[in-house]
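The values are calculated or read from the model by the stated rules, or taken from the named source; none is laboratory data. Because the structure is a prediction, the values reported are computed rather than measured. In this analysis, Cβ positions are derived from the backbone assuming ideal geometry, glycine residues included, and neighbour counts consider all displayed protein chains.
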């Protein structure tokens, strides 16, 4: 965020506590330090743990038949039961549009994520999912 208020020889960044809106002319997101990555080890339903506000989950490349769901748990100490989880398929698929991904259960420290094969055939791909937490109180 740009320096917004001169306080002598230094600047004070904008205080957003109590603000109704957060506006940006550029980007709004998490720093590199707030991001991480994790890889599933044994199957598409194996739970993963990543204690970051945003990150990348590389799924196991186990086979997933058409019209089938694979559900796994993301354990993350940053998640509260009031948060919103944003999920995006970021790679690992040969044909874009072969999968849907969604969060289907949320609790303190955990979210259940489901990947659904909608391709019309059996696939064995290590799907890459980006996630970000919108923190709420």
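Given the conditions (1) exposed (fewer than 14 other Cβ atoms within 10 Å of the Cβ); (2) in a strand (DSSP E or B), report the number of the one that residue 24 does not fulfil.
Every listed condition holds for residue 24 apart from (2).
Which of (1) exposed (fewer than 13 other Cβ atoms within 10 Å of the Cβ); (2) assigned to a strand (DSSP E or B); (3) at pLDDT 95 or above does residue 87 not meet, given it meets every other one?
(1)
Considering only residues of the range 90-105 that are more than 13 Å from the chain's Cα centre (by Cα) and part of a strand (DSSP E or B), which is nearest to residue 37 (Cα to Cα)?
So the residue we want is 91.
Would you mention how many residues in the range 106-121 are part of a strand (DSSP E or B) and farther than 25 Å from residue 52 by Cα?
Adding up the residues that qualify gives 1.
Just to verify a result, which residue in the range 46-64, among those that are part of a loop (DSSP other than H, G, I, E, B) and surrounded by fewer than 17 Cβ atoms within 10 Å (Cβ to Cβ), is nearest to the chain's Cα centre (by Cα)?
Among them, the one singled out is 51.
Among the residues of the range 32-45, write down those that are surrounded by fewer than 17 Cβ atoms within 10 Å (Cβ to Cβ) and outside any loop (DSSP other than H, G, I, E, B).
Once the filter is applied, which keeps residues that are surrounded by fewer than 17 Cβ atoms within 10 Å (Cβ to Cβ) and outside any loop (DSSP other than H, G, I, E, B), the range 32-45 yields 32, 33, 34, 36, 37, 39.
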